[in-house]
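First the structure, in the form of structure tokens, and then the observations on it.
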Amino acid sequence: MKLDDKKFDEIFGEDLPEEATTDPDGKQIIQLNNSEITATVLDWMGSLFMALVCVLLVMSFAFRVIKVDGTSMEPTLIDNDKVIISNLFYTPQNGDIVVISHGEDYANPLVKRVIATAGQELYINFEKNEVYVDGVLLDEPYIQGTTVLGDKSADEINGVIPEGKVFVMGDNRVVSLDSRYHRVDLIDVSSIIGKAQLDIIPHTYSSDGNPHVDLSRIRYLYE
């Protein structure tokens, strides 16, 4: 089908680019010049660059990979495990495994479990190895060892958690440096980097007592 000049102008405009030509059948042919091709390529490259920047920003702020340092979260997490954490729309909840910014106090980020949040009443019976939150005894099948008293007194630990704070402990209660100690104390919510979501490089202890990678233990870290 051949377009006459009037119809062509209605569709494409009256001003044709200098590169517009007519073939032997009288059809209009529009050719892109080098500058137009370059501009198109640059537009595509710009779009791809912005998409890459967006992905990097999401990975940097919404999701991060953290290496577990030490044995304070055993048996749930083993030394050298690598976990994916997220802080996207996150509010700390009881039982969450969280990563706490090390700031100037620690060499590496701390990985601990949230035991009680702001407004909740915490009571730990150190003699019976029992933890209560708002009067309810916690079912903690994940812990290892006894919940010993740190360098705080029981009176300093037990009570209502203040606004903006959380009380955390490691699952390996004998060795974990956590909110039972003055050095860590209650954690500011703003100091929580994110919640542990997935153990992507888990480890298992070998016969020589050293942890080695065990990909069969890859798992989500929440119920």
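Table for the structure above
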quantity	calculated
Hey, Val184 touching a Gly at 6+ places or on another chain (Cβ under 6 Å) and either at pLDDT below 95 or farther than 16 Å from Ile100 by Cβ (or both) or not	no
Selection count, segment 117-145, where residues are surrounded by 12 or more Cβ atoms within 10 Å (Cβ to Cβ), in a loop (DSSP other than H, G, I, E, B) and out of contact with any Asp or Glu (no Cβ under 6 Å at 6 or more places or on another chain)	5
Total residues in segment 161-195, condition of a type in the set (A, V, I, L, M) and part of a loop (DSSP other than H, G, I, E, B)	6
Conditions (1) of a type in the set (A, V, I, L, M, F, W, C); (2) closer than 30 Å to Phe63 by Cβ; (3) loosely packed, with under 15 Cβ neighbours inside 10 Å; number of the one not met by Leu186	(3)
Subset of segment 146-160 that is part of a loop (DSSP other than H, G, I, E, B) and not charged (D, E, K, R) - its residue that is nearest to Thr117 (Cα to Cα)	Asn158
Those residues of segment 196-214 which are surrounded by 12 or more Cβ atoms within 10 Å (Cβ to Cβ) and not in a strand (DSSP E or B), in sequence order	Pro202, Asp214
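The values are calculated or read from the model by the stated rules, or taken from the named source; none is laboratory data. Computed from a predicted model, the values in this text were never measured in an experiment. Cβ coordinates were reconstructed from backbone atoms using ideal geometry, including for glycine residues, and neighbour counts include every protein chain displayed.
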